[in-house]
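Read-outs: derived from the displayed coordinates by stated rules, not from any lab. Note that this is a predicted model, so its numbers are computed, not measured. Cβ atoms come from the backbone with ideal geometry, glycine included; neighbour counts cover every protein chain shown.
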Amino acid sequence: MVISWRTRLHIWFRLLLLQASWNFETLQGIGFFYALLPGLKKLYGKEDLPEVSLKYIGYFNTHVYFAPLVAGAVLRLEEERVSGTVVPEVEIDDFKEMVAAPYAAIGDAFFWGGLRPLAAGVALFFAVKGILWAPLIFILLYNIVPTWIRTVFFSRGYYQGLKSVEFIQRHKLPDLAIHTKEAAVVVLGGLSAFMVFAQLTQHQLPSWLGLLTLIPMVMLGLVARKGFSTLLLVIITVSTIFLLGLFWADVIQLITF
Amino acid sequence: MTFSLTLGALVSLICGLDRVAILQMMISRPIVAAPLTALFLGEPLVGLQIGVMVELLWLARLPVGAAVPPDDTQVAIASSVLAIVLGQIMDASGTELLLLCLFVAVPLGKFGQYFDRYARQYNVRLVKQVSAALSRGSFLTAEGQHLRGLVSFSLSSLGTYAVIILGGWFIIPILWPYVQQPLSYSSSWMQLAFPLVGITVILGTINVSRAITLFCAAFCMSFLLMWLV
């Protein structure tokens, strides 16, 4: 029995709602069941379906963009189980458990830790210049890879089943995540320099002063590494600037007086 | 005014859902959500300025597993609405007003984290309901329960938006006459500080060996290039 492309498309769209019922007990469990339901309905009769479905609503958590890959592979395994032509090498539950956590770790590092800061850094160059297309640039830059992964990996998962794991291994995504993060750091360095330079030019201050910005930035970075909250760092920085501004205004007033 | 607040609430709802529950196309990022809100209210540049200031602040807080980062989406949207609507009411404008709106919205954004956590906690009861529905063989009910989770996330987003708007509505008009002048001495530097603090937090938390070396090299290189050109 083969799941038609229409049903697979239906499942793909449902995967966009994977986290609609995200909860602290089963995380994406219900969402994963919800997405797969059209496929399960094609494979199982009314008698078996409730029992099979109950297995799917348990704990499940992976990266949201990698869920289609897992869903595709699970569909293939379900097909094989129902048809009985191939004896699956592992149980479907075990497979889900085996791949979900590593895929989540890869996805978190690549998308949240690398691609998002990188796309934001590039878009902010435009935003700082006052270009109103900056949000669109961010959306386009960021979404190319996730859309490709959601679509192509779902298809790969379905056609390759268990072998989709090898497909992921071949792409060396953890290495790519590190390179993306490095690129993000470089872009953010350039962005910082650009903003500081623009500020100094606007205030007609000597440009070399901008290099001194690195000192508080590196210090704050080290403080952040110790676990200090962003809110606290914002309060400290803004209060310091505010007080220095008041002090400087008083100095100017005294000089002109 | 009511129309603007309602429009803001609508954007807050859609972007809030994109944050966790549906799509994850990143329209919930401040750099998108704030200009989008401001565009609907007729002042897109205000939103763009707020987006630049908020975007990088909590970008380093990853939504990994059960971790819930602060709700920067609602901070950006509500700040934009407050800056535009209160600006019209108080006949005020400029970076100082944007900064004051952000100073009020950023701490109140903490509520977003609590509301989001509560929504996820509330959704736990859906597990039992879905399980019961499946045992009865009622698949339609089970699917409906999954979609009911969207209500929790919607209410969480709207709740955060409402808290920031209400807080700002009471606090900003009282503070504005006192802080307008003092803020003007340092407003442009504060505007620069927001993204820079965000970058330092990313730098401190990003898991890359030699991140600081790479950052400093990129900073100096870009700076020298701009200086020479």
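The charge dipole of the range B:2-228, taken about its Cα centre with unit charges on the Cβ atoms of Lys, Arg (+1), Asp and Glu (-1) only, comes to about 880 debye.
With each pseudo-label sitting 7 Å past Cα toward Cβ, what's the A:V251-A:F167 distance in nm, one decimal? Placing both labels 7 Å beyond Cα along the Cβ direction yields 6.3 nm.
Where in the range B:18-40 is the amide nitrogen less than 17 Å from a point lying 7 Å along the Cα-to-Cβ axis of A:F13? Answer for the range B:18-40: B:22-24. For the range A:148-203, the residue among A:F154, A:A183, A:V196 whose Cα projects farthest onto the positive side of the dipole built from Cβ charges is A:F154. Look at the dipole of the range A:5-185 built from charges on Cβ: of A:G58, A:L124, A:T26, the Cα furthest out on the positive end belongs to A:L124. Normalised by the number of residues in chain B, the average gap of Cα pairs under 8 Å and 6 or more apart makes the relative contact order 24 percent. Across the range A:5-185, the relative contact order, built from alpha-carbon pairs under 8 Å that are at least six residues apart, equals 26 percent. A simple spin-label model places pseudo-atoms 7 Å from Cα toward Cβ; at A:L176 and B:L147 they are separated by 3.4 nm. Pair-distance distribution of chain A: all C-alpha pairs, bin width 5 Å, starting at 0; shares per bin in whole percent are 1, 5, 9, 13, 14, 11, 9, 8, 7, 6, 5, 4, 3, 2, 1, 1, 0, 0, 0. Residue-wise HN-Hα couplings along the range A:128-141, as the Karplus relation 6.51 cos²θ - 1.76 cosθ + 1.60 with θ = phi - 60° gives them from phi, are 4, 6, x, 7, 6, 7, 3, x, 5, 4, 4, 4, 5, 4 Hz; Gly and Pro carry x. What do you get for chymotrypsin sites (Phe, Trp or Tyr not before Pro) in the range A:1-54 restricted to DSSP loop and a cutoff of at most 10 other Cβ within 10 Å of the site's Cβ? For chymotrypsin sites (Phe, Trp or Tyr not before Pro) across the range A:1-54 that sit outside H, G, I, E and B with at most 10 neighbouring Cβ atoms in 10 Å, the list is empty. Solvent-free Debye calculation, one equal scatterer per alpha-carbon of the range B:2-228: log10 I(q)/I(0) at 0.07, 0.08, 0.09, 0.16 Å⁻¹ equals -0.28, -0.35, -0.44, -1.08.
Computed from backbone phi, the HN-Hα couplings of the range A:213-224 come to 4, 4, 5, x, 5, 5, 4, 5, x, 5, 5, 4 Hz, rounded to whole numbers (Karplus: 6.51 cos²θ - 1.76 cosθ + 1.60, θ = phi - 60°; Gly and Pro given as x). Built from the Cα atoms of the protein assembly as shown, the convex hull projects on average onto 24.4 nm², one quarter of its surface area.
Pop the C-beta distance of B:T2 and B:I174 into the FRET formula with R0 = 22 Å and round what comes out to the nearest 0.05.
0.50
With a Förster radius of 51 Å applied to the beta-carbon distance between A:E47 and A:S229, the computed FRET efficiency rounds to 0.40. Here the dipole of the protein assembly as shown is about 580 debye; that uses its Cα centre as origin and unit charges on the Cβ of Lys and Arg (positive) and Asp and Glu (negative).
Label sites at B:V229 and B:K110, each approximated as a point 7 angstrom past Cα along Cα to Cβ, lie 4.3 nm apart. Just checking the listed ones, B:L155, B:L23, B:L41: in the Gaussian network model of chain B with Cα springs under 10 Å, the one fluctuating most is B:L23. Divide by every residue of chain A the summed helix terms, -39500 (n - 2.57) for each DSSP H run of at least 4, and state the resulting mean residue ellipticity at 222 nm, rounded to the nearest 500 deg cm²/dmol. Computed ellipticity for chain A at 222 nm equals -24000 deg cm²/dmol.
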